[in-house]
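Here's the structure we're looking at; comments come further down.
What follows draws every value from the coordinates through simple rules; no lab data is involved. All figures in this text were calculated on a predicted structure; none of them were measured in a lab. Note: ideal-geometry Cβ built from the backbone for every residue, glycine included; neighbour counts use all protein chains shown.
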Number of protein chains: 2
Amino acid sequence: MSSTTKQSSLLGLYAMNGGEGEYSYAQNSSYQGGAVDAAKSIIEEEIAAKLDINQLSLTQTKPFNIADFGCSTGHNSFPAIHIITQAIEKRLLAEGLTTQNPEFHVFFNDQLMNDFNTLFQSLPPQRNFHAAGVPGSFHDRLFPKAFLDFAYSSCALNWLSAVPEAVADHMHPAWNKGKIHYAGAKQEVFEAYSSQFAHDVESFLEARAEELVTGGLMALLVPADPASKNSGTSFTSPTEMGVLGSCLMDMAKKGIFSEEKVDTFNLPLYYTNPQELKAIIEKNSSFRMERMEILYSPGKRTLSSAKARATFFRAVFEVMLTNHFGSDVMDELFDRYMKKLAASPHFLDPDNDKSIMILIILKCKAE
Amino acid sequence: MSSTTKQSSLLGLYAMNGGEGEYSYAQNSSYQGGAVDAAKSIIEEEIAAKLDINQLSLTQTKPFNIADFGCSTGHNSFPAIHIITQAIEKRLLAEGLTTQNPEFHVFFNDQLMNDFNTLFQSLPPQRNFHAAGVPGSFHDRLFPKAFLDFAYSSCALNWLSAVPEAVADHMHPAWNKGKIHYAGAKQEVFEAYSSQFAHDVESFLEARAEELVTGGLMALLVPADPASKNSGTSFTSPTEMGVLGSCLMDMAKKGIFSEEKVDTFNLPLYYTNPQELKAIIEKNSSFRMERMEILYSPGKRTLSSAKARATFFRAVFEVMLTNHFGSDVMDELFDRYMKKLAASPHFLDPDNDKSIMILIILKCKAE
């Protein structure tokens, strides 16, 4: 048997802020929570209609194995798992199979540097499942073959496995000088990100195709951009990343750190669009797309103050910013960031939030 | 489905020191590591002779599920898992089944307050298994029915699920005034501990009987006292706990905290003896005892300086002592403890270490 894990050189860059404090991801992920709420009825419908009771051979002796890929500290994962397990039990009830409810075995996955201690301590004390944590990159295999009955991933596939190498290479046409993301950058930068995203989703699907049983369902929630690939980018989150980048450049110009420090930092985040994601998934022959829905502005009513938005960005990006720029400059950076956001009411008007969430339900086909 | 977890009121008392620092359990558990080494050849022999290849229906599509109950931060767990997986592969090779090696799925269990972040970050980067962490008390159910093929637990069953209530109750004949353990205490105190231990081992075996497949093996390593229950207690560790208790009483007499504070603190640890443990296990009808061996002084050659022993005790007991007495007094406590040990060469002479380790191999019988 060969090794089942590959260690990324970017370990640790991807963890959200741990713990439960002011800047923790746990306290600053209402946007992601909104996505789960918006997806609830569709996930319930698909489980009711598509869960393959016979193929999964659900019996009292075989547990029903569920995994959440990219669970962070669990605060949006637990409600999702609740929705999924309730929908499965309802389906079994409808089939008259209540006497043979399976035991639920739920696996919470995130990067090795995720705060699993907080995740575990946040588990609902009264729960209808056996819980386990699984550390590691979901771009690699994490489970035995044909082990999982249901896979779920929300607000996670937008995280790339790595920053595309070209964008930090000053010899490359895609060098992203003076910026930290593709928003407002050269077309070559955007293409490097887009290409990395396609590669990452392919790796994710290949690993899941091995891990899911035939007939197993997968629900993916992917934050995205409504615009198509070639129509230009104009959407909330990446532009806010542009503001964050401009704050870093302001600090570089003041000599707090070098401009080169900013040139070599890029956020490993990509916002796909429905057409692009559909094309990537359809290239994979192991899954059949059962449903694809666009959820509009699922986080619209949350985080409308400059302070709330700055704190949200801090919860998400502080670990990787600290790794590159050091912890000393974080307070100043996010103070500058909050002030720039406050001075740009455009970002704070919920009606200007054009972000979308793509919900996709896939079924694992027979080999 | 009912809840699968019960939260103990003593959560957090049981975690070893986390991290990798000077007082971490990771840096101070060579004694427990010695136990694994001593047990290696016996575990290998038993897997070679008793692993029920047919009953476990080992095939390429079914993973081989292994759990370690009480893994702490993993430093002694990983070598044990290596021994177990190697022995299983060797057995399959001997049976001519090399083409259908199963995938190993290994579950690392410990209390909810265990440092799982350190555990995960310590996982061997190149490994022949899929890893998962499982938080919770092993006195309760942690896995689906008939899920595990092999269970392992080392230096963990000596930890009680709780301090026996009677020993902290000043109205009870078993009140343990001025002491923190049963060593050198009244017979009633010893009996309260002994009774709690029997109850805990029964709960452990009942939970594992549900979780193990028929034919599944379980290897238990239990630190113990060679003396029988009624012949008096004279063994290293508990007497060292007596010294720790006397340091706490010295500090109480100096007014650093009240004597009542010491009266209400007791260590939830019990050292069984071979006869007692054998009798408890034989009461359980789900397991057949395949082998029982006594390993003498497995940690004999380690930790022979006063400083090393004091640091070992600190790694093990600091979390629960801090919870009760506060962190401010820890340095003074362990400084006093080291000095008392240094003044008692008896404790430091490896030849006076009469501790033993009981190794038991059990097989899960058909219902």
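General remarks:
- Estimated FRET transfer efficiency when R0 is 51 angstrom, pair A:K253-A:I53 (beta carbons, to 0.05): 0.25
- Note: relative contact order over the range B:93-167, using C-alpha pairs below 8 Å and six or more positions apart, is 32 percent.
- Order by protection proxy (mean Cβ within 10 Å, highest first), peptides A:309-315, A:272-278: A:309-315, A:272-278
- Projecting the Cα atoms of B:A156, B:H105, B:T118 onto the dipole axis of the range B:62-169, where Lys and Arg carry +1 and Asp and Glu carry -1 at the beta carbon, places B:H105 farthest toward the positive end.
- Under 10 Å, Cβ to Cβ, from A:Y23 - net charge with Lys/Arg +1 and Asp/Glu -1: -1
- Pair A:K307, A:E22: separation of 7 Å Cα→Cβ label points (nm): 0.9 nm
- Order of A:D149, B:D349, A:D225 - criterion: other Cβ atoms within 10 Å of each residue's Cβ, fewest first: B:D349, A:D225, A:D149
- Span from the the range B:62-123 Cα centroid across to the the range A:255-286 one, whole angstrom: 36 Å
- Neighbour-count order for B:I84, A:I83, fewest beta carbons within 10 angstrom listed first: A:I83, B:I84
- For the range A:251-367, the relative contact order comes to 42 percent (Cα pairs under 8 Å, sequence separation of at least 6).
- Using the Cβ-Cβ distance between B:I42 and B:A342 with R0 = 41 Å, the FRET efficiency computed as 1/(1 + (r/R0)^6) comes to roughly 0.70.
- Förster radius 56 Å - calculated FRET efficiency between A:Y296 and B:S327 (Cβ-Cβ, nearest 0.05): 0.65
- Between the C-alpha center of the range A:141-187 and that of the range A:317-347 there is a gap of 21 Å.
- Against the empirical 2.2 N^0.38 Å (N residues), the range B:91-158 has a Cα radius of gyration ratio of 1.34.
- Local net charge near B:F147, Cβ-Cβ under 12 Å (Lys/Arg +1, Asp/Glu -1): +1
- Exam field: A:T322 pseudo-label spacings to other copies (7 Å along Cα-Cβ), nanometres: 1.8
- Nm distances between copies for A:P345, ranked from closest, using label points 7 Å along Cα→Cβ: 8.5
- Plainly put, the tip 7 Å out from Cα toward Cβ on B:Q86 is 5.0 nm from that tip on each other copy, the closest given first.
- Backbone geometry of the range A:319-324 corresponds, through the Karplus equation with coefficients 6.51, -1.76 and 1.60 at θ = phi - 60°, to 3J(HN,Hα) couplings of 4, 6, 5, 4, 4, 9 Hz, x marking Gly and Pro.
- Per-residue Cβ neighbour rank within 10 angstrom, fewest leading, A:D331, B:D52, B:D351: B:D351, A:D331, B:D52
- Counted charge near B:F334, where neighbours are those whose Cβ lies closer than 9 Å (Asp, Glu -1; Lys, Arg +1): -2
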